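Here is the structure we will look at, set down as structure tokens.
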Amino acid sequence: MSSSRPPSSIRREASSAAPERDLTKRQYLRFAFYRLDPLWRRLPAEEQISHKRELVETIMSFKRRMLLRPYSLMGTRADAELLLWQISESPTVFQELATAIARTSMGGYLQIAYSYFSQTKRSIYEIRRPLNGHQDQLIVEPTDAKYLFVYPFVKTRDWYQMSLPARQGMIDEHIEVGRRYPSVKLNTTYCFGLDDYEFIVAFETDEPSDFLDLVQDLRETEASRYTKQDTPLFTCLSMRLGEALDALGGAMAFEPVETVEHAISDAVTDVCSLDELPPGSTRVVYHEGRQVALFNVGGQLYAIENRCPHARGPLSEGSVSDSECTVVCPWHYAKFDLKSGRVVDGIASSGVERYAVSVVDGVIQISDAVPAMAGNGIKS
């Protein structure tokens, strides 16, 4: 009797040919676009305020379990008004958050307009020089850019029938066009089998005109011929959660000074043991959904906002001067004082936020931003 199983030698060969897959660092992403039932705006003002505050409290309770960024689409689209950009190591938390929102009083009036689900992975294409300092796409690191442009993306089947070297050549052209616009950061994530699309792309920038010019230039590349779909396209304005909800209309529930980041005033993030950050080293930390650059300069610890306010360059990758206690942005060379966060030289027009640093039982901790003139250095 013949067996349908392949010989063991063939099975071993097939097994050895399979690529190694390391999923340990992959992230899941969800772009949840909501629109508000107009009937909600007819409710009494006191109910509207109560609904908004309940919703903020509910969403904020998930802030330590995922990276979550709110955006408003009021005035940019007619079919969506609010975006919650969610990033997590597990998709389970997305379901839990969606259920929690649906159970709130305001959740009864919020309708999902669009929802995109994707995952990070390393590109199969060689990126010979990292674009804007971002080569490893396993970890999405949202900036504090004012604008986010999101759209689903599908390639034609003809694209996948071409050889990898042929596609690499077109990708090289694509990347070179992107390098003309350092103020625009691209986040590419993958949907194959997870959603109806193949990719979800999210561009972050403070300059919408740069994004417009970038997209127009990309239309002229060879790879553009193989685009099957790249709509709908969402223009999103970064806001604090309370601001984004107040932008929906109805009674104002939050003062302008209220922020998502400071709503939990006792928020503390454990970074690492003191021994893991020796003098001369730097580390990027996520504190309440914000990127913070942590420096050990001659035994003193300093924490500042990681993104340069000029073009969002990563200060954690900049040149540090021990004698001056400064860091220089690697993109356009703005210089910042690590003690105060102030810009001391270069093109940046404003300084960066500083964060309190402490060492408790040998563990470095980051807490909320500190006033501009307060001391920031902690002896290591």
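The values are calculated or read from the model by the stated rules, or taken from the named source; none is laboratory data. On a predicted model such as this, the values are computed, not experimentally measured, just so you know. Here the Cβ is made from the backbone with ideal geometry for all residues, glycine too, and neighbour counts use every protein chain on show.
Listed values, structure above:
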{"quantity": "Selection count, the stretch 116-131, where residues are modelled with pLDDT of 75 or more and part of a strand (DSSP E or B)", "calculated": "4"}
{"quantity": "Complete set of residues in the stretch 40-52 that are surrounded by fewer than 16 Cβ atoms within 10 Å (Cβ to Cβ) and either in contact (Cβ under 8 Å) with a residue 24 or more places away in the chain or under 31 Å from the mean Cα position of the chain (by Cα) (or both)", "calculated": "41, 45, 46, 47"}
{"quantity": "Residue check, residue 165 over 21 Å from residue 234 (Cβ atoms) and buried (at least 16 other Cβ atoms within 10 Å of the Cβ)", "calculated": "no"}
{"quantity": "Residue list for the stretch 145-204, restricted to those being farther than 22 Å from residue 69 by Cβ and among the polar types (S, T, N, Q)", "calculated": "156, 161, 163, 168"}
{"quantity": "Check on residue 79, surrounded by fewer than 22 Cβ atoms within 10 Å (Cβ to Cβ) and in contact with a helix residue (DSSP H, G or I) (Cβ under 9 Å, 6 or more places away or on another chain)", "calculated": "no"}
{"quantity": "Filter pass, residue 370 being at pLDDT 90 or above and among the hydrophobic types (A, V, I, L, M, F, W, C)", "calculated": "no"}
{"quantity": "Which listed residue, of 270, 275, 196, 206, is farther than 30 Å from residue 320 by Cβ and either charged (D, E, K, R) or in contact with a strand residue (DSSP E or B) (Cβ under 6 Å, 6 or more places away or on another chain) (or both)", "calculated": "196"}
{"quantity": "Of all residues making up the stretch 311-331, the number that are in a loop (DSSP other than H, G, I, E, B) and without any contact (Cβ under 8 Å) to a residue 60 or more places away in the chain", "calculated": "6"}
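Results for (1) under 28 Å from residue 86 (Cα atoms); (2) assigned to a loop (DSSP other than H, G, I, E, B); (3) in contact with a Leu (Cβ under 8 Å, 6 or more places away or on another chain); (4) not hydroxyl-bearing (Ser, Thr, Tyr), shown as yes or no for each residue.
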{"residue": "280", "(1), (2), (3), (4)": "no, yes, no, yes"}
{"residue": "283", "(1), (2), (3), (4)": "yes, no, yes, yes"}
{"residue": "293", "(1), (2), (3), (4)": "yes, no, yes, yes"}
{"residue": "302", "(1), (2), (3), (4)": "no, no, yes, no"}
{"residue": "336", "(1), (2), (3), (4)": "no, no, yes, yes"}
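Matching residues to (1) within 22 Å of the chain's Cα centre (by Cα); (2) without any contact (Cβ under 8 Å) to a residue 40 or more places away in the chain; (3) within 26 Å of residue 221 (Cα to Cα):
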site: 98; (1), (2), (3): yes, no, no
site: 106; (1), (2), (3): no, no, no
site: 114; (1), (2), (3): yes, no, no
site: 180; (1), (2), (3): yes, yes, yes
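This table checks each residue for (1) within 19 Å of residue 145 (Cα to Cα); (2) under 18 Å from the mean Cα position of the chain (by Cα); (3) acidic (Asp, Glu).
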| residue | (1), (2), (3) |
| --- | --- |
| 285 | yes, yes, no |
| 311 | yes, yes, no |
| 317 | yes, yes, yes |
| 324 | no, no, yes |
| 337 | no, no, yes |
| 344 | no, no, no |
